[in-house]
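The structure under discussion appears below in the form of structure tokens.
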Amino acid sequence: MESFNHRGGNKMKKGIFIVVDSGEGAGKTTQIKRAKDFFGDIVVLTREPGGSPYAEEIRNLILHSPSAGQADAKTLFALFWAARADHMKNTIIPALKAGKMVICDRFDSSTFAYQIVAQGARDLEKFFWLAREFYLGEFAPDLYVYFDIDPVVGLARKKQQSAEEQNHFEDRPMEFHTTLQKGFKEFMKGVPHRIIDANKPIDAVWNDFKAILETSLKQ
């Protein structure tokens, strides 16, 4: 498989960086794994929070610590960016330089939607864009794919998953999840993106996702 070169700032980087994001229970993780099976070694799968050994330790604090549910948006914002910095350094940038297609399950789009919009920390919005430029720079994602799903449907699906896949965010009121959906759509307006209707059957969603990835690899 050839390397796919993309311009970033004034420098050349190899590979392509795609983020897949959604609210709870949209099935994106299943589709990402399917992409790896279909496209093979050109694809490097990773996730947030986490994605590198140190970032995975921070992930556990964010999602599974007994105290995590009381953490406010500012605390979570800082933890997510700390994990992301290590993730970029040790996983994403090396893979891009090796000419891979990096597909990340959640990224800064989730930080914007969850902390700034759904948790109401609008005072962090300007800082978010500054942090994004500082930490990501020329390696910012080339494309965001948003799996859009009715929050009621997504939460029902989420509750059918194993306990390991569940987290404290899904226990928040429905208003949180409808606001979250608005937050994702707001973020997407400012970045290269595609939106997939994740309410559709799983195979139909896969066909849409696969077509987007195939187009990205040809560019």
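Can you work out which of the residues in segment 91-103 that are under 15 Å from the mean Cα position of the chain (by Cα) and over 15 Å from PHE39 (Cβ atoms) is surrounded by the most Cβ atoms within 10 Å (Cβ to Cβ)?
Among those that are under 15 Å from the mean Cα position of the chain (by Cα) and over 15 Å from PHE39 (Cβ atoms), it is ILE92.
Restricting attention to segment 65-86, does a residue exist that is surrounded by fewer than 18 Cβ atoms within 10 Å (Cβ to Cβ), modelled with pLDDT of 95 or more and acidic (Asp, Glu)? Checking segment 65-86: not a single residue is surrounded by fewer than 18 Cβ atoms within 10 Å (Cβ to Cβ), modelled with pLDDT of 95 or more and acidic (Asp, Glu). The numbered conditions (1) within 26 Å of ARG34 (Cα to Cα); (2) among the aliphatic types (A, V, I, L, M); (3) touching an Asp or Glu at 6+ places or on another chain (Cβ under 7 Å) are all true for MET88 except (3). Among the conditions (1) acidic (Asp, Glu); (2) surrounded by fewer than 17 Cβ atoms within 10 Å (Cβ to Cβ); (3) at pLDDT below 95, GLU170 misses just one, which is (2). Considering only segment 28-43, I want to know if a residue exists there that is surrounded by 20 or more Cβ atoms within 10 Å (Cβ to Cβ), charged (D, E, K, R), touching a residue at least 40 places away in the same chain (Cβ under 8 Å) and in contact with a Lys or Arg (Cβ under 8 Å, 6 or more places away or on another chain). Within segment 28-43, not a single residue is surrounded by 20 or more Cβ atoms within 10 Å (Cβ to Cβ), charged (D, E, K, R), touching a residue at least 40 places away in the same chain (Cβ under 8 Å) and in contact with a Lys or Arg (Cβ under 8 Å, 6 or more places away or on another chain). Scanning segment 29-45 turns up no residue that is at pLDDT below 95 and over 29 Å from LYS14 (Cα atoms). From the list ILE42, ILE32, ILE93, the lone residue that is out of contact with any strand residue (DSSP E or B) (no Cβ under 6 Å at 6 or more places or on another chain) and of a type in the set (A, V, I, L, M) is ILE93. Of all residues in segment 125-166, those satisfying the criterion of being at pLDDT 95 or above and within 24 Å of ASN60 (Cα to Cα) are PHE128, ALA131, ARG132, TYR135, LEU136.
The values are calculated or read from the model by the stated rules, or taken from the named source; none is laboratory data. What you are looking at is a predicted structure, and each value in this text was computed from that prediction instead of being measured. Counting neighbours? That spans all protein chains shown, and the Cβs are built from the backbone with ideal geometry, glycine included.
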